[in-house]
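The values are calculated or read from the model by the stated rules, or taken from the named source; none is laboratory data. Keep in mind that what you see is a predicted model, and the values were worked out from it rather than measured. Glycine also receives a Cβ, built like all others from the backbone with ideal geometry; neighbour counts cover every protein chain displayed. For the accessible areas, the whole protein counts, side chains as well, though only heavy atoms, and no ligand, DNA or RNA atoms are used. Shrake-Rupley method; radii C 1.70, N 1.55, O 1.52, S 1.80 Å.
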Amino acid sequence: MSFLQEVGQWFLNPVHWQGTGGILNRLQEHVLMSIAATVTATLIGLPIGLALGHWGKGGGLAINVANVGRAIPSFAILVIAVQVVGIGATPAFLALVALAIPPIVTNSFVGMRDIDPELRDAARGLGMRENAVLLKVELPNAMPVVMAGIRTSGVQVVATATLAALVGWGGLGRYIVDGLANRDFVQVFAGAILVAVLSGLAEIGLAALQKVLTPAGLRLRDQPLKSAAIRKGAPQAEPAS
């Protein structure tokens with residue numbers, strides 16, 4: 001029996017789908033942890049990025065701090081968190097939140113600063129308060145870039161949550177960590193497939209959410225640009241002889 005056939009048999013074995021160590025339970029743990037970490041990071045990072053982008057102050061510092069956060073390996077954060085709070089779900093959660101915040105802050109700030117200043121001036125000229133300018137004018141126009149940051153963070157969290165198994169938490173990473181410990185490479189490969197598939201589904205789901213949250217006017221504005229780019233890059237038909 002080939003290695004791939006053994007992997008297929010692993011997935012077909014009903015034992016691997018049942019109980020606390022089964023695929024369905026591990027998948028639920030992984031998804032819930034990823035959603036909790038991404039939502040928490042959004043609640044922390046989004047207001048910071050939007051406020052800095054709205055006022056146009058402190059953006060350089062915020063982006064530099066976010067870049068430093070990206071440079072710190074998630075494994076290092078896990079180790080530090082374990083020393084502070086012990087093993088389990090808490091250090092995994094803290095590490096994933098720390099990983100997810102930088103792209104959200106950066107994209108939120110950049111999205112706000114890329115808005116045409118004339119839109120802000122027009123809104124203020126109509127008598128809109130600053131909160132209304134932020135929520136009704138700036139945020140809808142910055143939404144594609146803001147959601148791109150959340151999308152990036154969400155996919156990174158799903159993929160990196162695999163490391164949480166190293167600190168005694170569950171999730172799909174348990175198959176990889178336990179498989180390596182037992183030299184069960186079929187289980188390791190199966191766990192890697194599950195993580196890859198879940199990451200792909202997260203990318204698709206967040207891309208769909210980004211499309212839904214982007215105002216219809218911005219989507220319609222981008223369609224002619226895409227169509228023009230396609231026409232420009234398409235090969236020209238040869239004249240009939």
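Some points to look at:
- Residue within region 26-42 that is under 30 Å from PRO117 (Cβ atoms) and touching a Pro at 6+ places or on another chain (Cβ under 6 Å) present: no
- Selected residue (criterion: surrounded by the fewest Cβ atoms within 10 Å (Cβ to Cβ)) from residues of region 119-153 that are of a type in the set (Asp, Glu) and at pLDDT below 80: ASP121
- Answer residue from region 83-93, given it is open to solvent by 10 Å² or more (accessible area, probe 1.4 Å) and of a type in the set (A, V, I, L, M) and is nearest to VAL145 (Cα to Cα) among those: ALA89
- The residues listed here are ASN67, ASN25; of these, the one that is open to solvent by less than 60 Å² (accessible area, probe 1.4 Å), of a type in the set (S, T, N, Q) and assigned to a helix (DSSP H, G or I) is ASN25.
- Scanning region 175-214 for residues that are assigned to a loop (DSSP other than H, G, I, E, B) and either open to solvent by 40 Å² or more (accessible area, probe 1.4 Å) or farther than 17 Å from MET143 by Cβ (or both) turns up ASN182, ARG183, ASP184.
- Residues satisfying the stated conditions in region 154-174, i.e. modelled with pLDDT under 90, in contact with a Gly (Cβ under 8 Å, 6 or more places away or on another chain) and not in a helix (DSSP H, G or I): GLY168, TRP169
- Scanning region 122-142 for residues that are over 27 Å from VAL212 (Cβ atoms), among the basic types (Lys, Arg) and either in contact (Cβ under 8 Å) with a residue 24 or more places away in the chain or in a helix (DSSP H, G or I) (or both) yields one hit, ARG124.
- Output for region 94-118, where each listed residue is surrounded by 24 or more Cβ atoms within 10 Å (Cβ to Cβ) and either more than 30 Å from ILE72 (Cβ to Cβ) or of a type in the set (Gly, Ala, Ser) (or both): ALA95, ALA100, SER108
- Candidate set: region 106-121, residues that are under 22 Å from ASN64 (Cβ atoms) and assigned to a helix (DSSP H, G or I); chosen: the one farthest from the chain's Cα centre (by Cα): ARG113
- Any chance GLY60 is of a type in the set (Gly, Ala, Ser), in a helix (DSSP H, G or I) and open to solvent by 40 Å² or more (accessible area, probe 1.4 Å): yes
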